[in-house]
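Each value in this text was obtained by applying a stated rule to the coordinates, not by laboratory testing. None of these values were measured; they are calculated from a predicted model. Positions of Cβ are generated from backbone atoms using ideal geometry, with glycine treated the same way; all protein chains shown enter the neighbour counts.
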Amino acid sequence: MARYAMVIDLRKCVGCDACTVACRTEWDVPIGVGRTSVQHTGAVGEFPNVIGSNFVRQCNHCDEPACIAPCPTGATFQLKNGIVVVDTDLCIGCGYCAEACPYDARFLNPNTNKIDKCDFCIPRLKEGLQPACVLTCTGDAKFFGDLQDKNSVVYKKVYEEGAWRMENENASIGPNVYYLGTPEQLKIVKDKFGPRKSHLAAPAQVWKNILRPVVFTAIGASFAGQAVAFFNQLRKGEEPIDD
């Protein structure tokens, strides 16, 4: 079974936003939100020793996703290949998963009122294609592949070149988007864009542990009552009432 990952080489990223545009086009992402985004640290240091770096943010498809547990409906889950997905049929747009994500990699799509995020372009993967952002990267800074395949480019960049995971004291959950860069780049990126503490929304747990079972039980009882009434009417030879 494949275990997918992405590597972004900050030394090559030119900040052109081609990946953002490609993603927006591929997934019809509204203006103002994004499945992937390019940000800049700004100038750091004192002249003439000033440096800066671009940073590409997207869902990290973590080994231990913080976004799954808070979801009250089970809409967010992880595939065996590591990709974290959202079932929009189950999503109620509550936003608990977005609040729990320490990387702020999820957003509420204003067109659908559902949670949206990067899914490594699953439809493209099924066709043997690379994610849209990787294919269009003008700086050749994005790499995608199977971490289980020793011949894949991401395996070599992670295990041979030492690509780095964006983790800190706030979150260490095994993100599978890795970064390459100079030590100075990686430090300023980590300082500015490192993960925040995950806020596991208490209301989500209340819903999941208490309210949801009560609601589902009530719904089940209601359906059961309607079914009994329906069959009683049939037995009496009456037409069932259609509310």
Just to compare against my own numbers: the Cα pair-distance distribution for the range 1-148, 5 Å bins, whole % per bin, please. 2, 9, 18, 20, 20, 16, 8, 4, 2, 1, 0
Label-point gap, in nm, between N168 and T25 - each point 7 angstrom along Cα→Cβ: 3.5 nm
I want the local charge near S37. Using Cβ-Cβ distances under 15 Å, sum +1 for each Lys or Arg and -1 for each Asp or Glu among the other residues. +3
Label-point separation in nm, K80 to R196, each point 7 Å along Cα→Cβ: 3.7 nm
What percent does the relative contact order of the range 131-173 come to when contacts are Cα pairs within less than 8 Å and at least six residues apart? 19 percent
Checking the range 1-92 for trypsin sites (Lys or Arg not before Pro) in a loop per DSSP with at most 10 other beta-carbon atoms within 10 Å yields K80
